[in-house]
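The values are calculated or read from the model by the stated rules, or taken from the named source; none is laboratory data. Everything numeric in this text was worked out from a predicted model, so none of it was measured. Backbone-built Cβ (ideal geometry, glycine too); neighbour counts: all protein chains shown. Heads up: the accessible areas ignore ligands, DNA and RNA and are worked out on the full protein's heavy atoms, side chains in. Shrake-Rupley method; radii C 1.70, N 1.55, O 1.52, S 1.80 Å.
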Amino acid sequence: MSKVITLNDFIIKNQADFEMATGEFSRLLGDISVASKIVSRDVRKAGLVDHILGAQGEVNVQGEDQQKLDVVADEQFIAAFKNGGEVCGIGSEENESFVAFEDETSKNASYVVLFDPLDGSSNIDVNVSIGTIFSIYKRVSPKGTKAVLEDFLQPGTAQIAAGYVLYGSSTMLVYSTGNGVNGFTLDPSIGEFCLSHPNMKMPEKGRLYAMNEGNIHICEPGIKKYIAYCQSSENDYGSPYSGRYIGSLVADFHRNMIKGGIYIYPNTENAPKGRLRLLYECNPLAFIAEQAGGLATTGRQRILEIKPTELHERASLFIGSKSMVEKAMSYLD
Ligand code: AHM
Ligand code: MG
């Protein structure tokens, strides 16, 4: 019987690859793993527990404020980062401004984290896969001070690590430190993430496309032409691709990572800069995609090279198998 490699084993083994490693970064990954397990537990209970379902702001029968699951997840990750002491501040989809931690340990920490605590909001209450996305940077402000906005507005090329957690039929954590991509599946019976997908590679091409086609008439003409190509028997596959759109970016991305495919969220008339957020949705998945041999662009520019100007900046996203993203880009002027 082969030995199970847990995420903790894997993190510690990889730490040894870095000379002078202090363990701070490894502990940060450990914090993410623990917070993910707690969120996974809460996601699994979502249909049963009244403090999780329901709109934020409502009051439950005990007279307590009800909390939506995305807020619960946000608080869980923030608590993990705050108590861990490896992070001087965080930026989250759920918080308008970044949060700079005030305690001395955190002010002396090396990293900032940007994250979407629970991606796929529209799927939370209907028992469809959702996820967490995270991105880790070295701070640019001096240690010993509070985090500043510039710590968060770094291009995606500066990411030290990025990853996602998928709360699907099983819970998986997939991450990269810039040295390939590895996936771990949570074994609930032992409460550990176990290495299940070593050295993940995205197929060079596939025959799955994911787009909210409800938007097709409010997209630029090139998108319509590309989707027509996907649906045509004249494409490179010789018969129509399959359309698959879950509406949870993590889940759509993860499927394409394994099977090969493309996910598109272009600019639309309603969302002139795209819908997805650059810092905690596009950048981390672009980092993973490139590390797995895939590609991520706005349709015209490499995602990781965009210099952000605001925390909740949006970007259009073409991500997935390399040759499919290149083909889609060829349809844009
Ligand atoms: P969210 O962070 O509020 O959940 O928004 C991001 C989500 C993605 O997961 C998903 O791919 C996309 O928005 C779906 O948008 P739409 O409903 O417009 O197709
Ligand atoms: Mg999101």
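Test TYR226 against the stated conditions and say whether it is open to solvent by less than 10 Å² (accessible area, probe 1.4 Å), more than 23 Å from the chain's Cα centre (by Cα) and not charged (D, E, K, R).
Working: open to solvent by less than 10 Å² (accessible area, probe 1.4 Å): yes; more than 23 Å from the chain's Cα centre (by Cα): yes; not charged (D, E, K, R): yes.
Against the criterion (open to solvent by less than 10 Å² (accessible area, probe 1.4 Å), more than 23 Å from the chain's Cα centre (by Cα) and not charged (D, E, K, R)), TYR226 qualifies.
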Does THR177 qualify as being among the hydroxyl-bearing types (Ser, Thr, Tyr) and touching a helix residue (DSSP H, G or I) at 6+ places or on another chain (Cβ under 9 Å)? yes
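Of all residues in segment 100-115, which are buried (at least 18 other Cβ atoms within 10 Å of the Cβ) and farther than 17 Å from ASN283 by Cβ? Please lay out each step first, then the result.
Taking segment 100-115 first, the residues buried (at least 18 other Cβ atoms within 10 Å of the Cβ) are 100-101, 106-107, 109, 111-115.
ALA100, PHE101, SER106, LYS107, ALA109 - these are the residues of segment 100-115 that are buried (at least 18 other Cβ atoms within 10 Å of the Cβ) and farther than 17 Å from ASN283 by Cβ.
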Being among the hydroxyl-bearing types (Ser, Thr, Tyr) and either within 12 Å of ligand 1 (Cβ to nearest atom) or surrounded by 15 or more Cβ atoms within 10 Å (Cβ to Cβ) (or both) narrows SER248, SER239 down to just SER248
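So, of the residues in segment 127-150 that are among the β-branched types (Val, Ile, Thr) and within 16 Å of ligand 2 (Cβ to nearest atom), which turns out to be farthest from ILE78 (Cα to Cα)? Lay out the reasoning, then the answer.
The initial filter retains those residues of segment 127-150 that are among the β-branched types (Val, Ile, Thr), namely 128, 130, 132-133, 136, 140, 145, 148.
Now narrow it down to the ones that are within 16 Å of ligand 2 (Cβ to nearest atom): 128, 130, 132-133.
Details: VAL128: 24, ILE130: 19, THR132: 13, ILE133: 14 Å.
Residue satisfying both the conditions and the ranking: VAL128.
Hey, any hits in segment 130-153 for a residue that's open to solvent by 10 Å² or more (accessible area, probe 1.4 Å), within 16 Å of ligand 1 (Cβ to nearest atom), closer than 26 Å to ASN212 by Cβ and outside the structural domain of GLU281 (by TED's automatic domain parsing)?
Within segment 130-153, the subset open to solvent by 10 Å² or more (accessible area, probe 1.4 Å) is 138-146, 148-150, 153.
Narrowing further to those that are within 16 Å of ligand 1 (Cβ to nearest atom): none.
Looking for residues that are open to solvent by 10 Å² or more (accessible area, probe 1.4 Å), within 16 Å of ligand 1 (Cβ to nearest atom), closer than 26 Å to ASN212 by Cβ and outside the structural domain of GLU281 (by TED's automatic domain parsing), one finds none in segment 130-153, hence no.
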Anything in segment 278-296 that is free of Cβ contacts under 8 Å to residues at least 60 places away in the same chain and open to solvent by 10 Å² or more (accessible area, probe 1.4 Å)? List them, or say none. GLU290, LEU295
Going through segment 196-219 in order, the residues found to be open to solvent by 20 Å² or more (accessible area, probe 1.4 Å) and either without any contact (Cβ under 8 Å) to a residue 24 or more places away in the chain or in contact with an Asp or Glu (Cβ under 8 Å, 6 or more places away or on another chain) (or both) are PRO198, ASN199, LYS205, GLY214, ILE216, HIS217, ILE218
Cβ-Cβ under 7 Å pairs, at least 6 apart or on other chains, segment 116-128 side open to solvent by 60 Å² or more (accessible area, probe 1.4 Å), far side polar (S, T, N, Q) and not in a strand (DSSP E or B): none
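Is one or more of the residues making up segment 97-109 in the same structural domain as VAL71 (by TED's automatic domain parsing) and either touching a His at 6+ places or on another chain (Cβ under 8 Å) or within 23 Å of ARG302 (Cβ to Cβ) (or both)? Before the answer, list the steps.
Step one: list which residues in segment 97-109 are in the same structural domain as VAL71 (by TED's automatic domain parsing), which gives 97-109.
Now narrow it down to the ones that are either touching a His at 6+ places or on another chain (Cβ under 8 Å) or within 23 Å of ARG302 (Cβ to Cβ) (or both): none.
Taking every residue of segment 97-109 in turn, none turns out to be in the same structural domain as VAL71 (by TED's automatic domain parsing) and either touching a His at 6+ places or on another chain (Cβ under 8 Å) or within 23 Å of ARG302 (Cβ to Cβ) (or both).
Quick one: which residue in GLU58, GLU64, GLU102, GLU96 is at pLDDT 95 or above, away from ligand 2 (no atom under 16 Å from the Cβ) and acidic (Asp, Glu)? Before the answer, list the steps.
On the way: GLU58 fails: at pLDDT 95 or above; GLU64 fails: at pLDDT 95 or above; GLU96 fails: away from ligand 2 (no atom under 16 Å from the Cβ).
Criteria check complete, one pass: GLU102.
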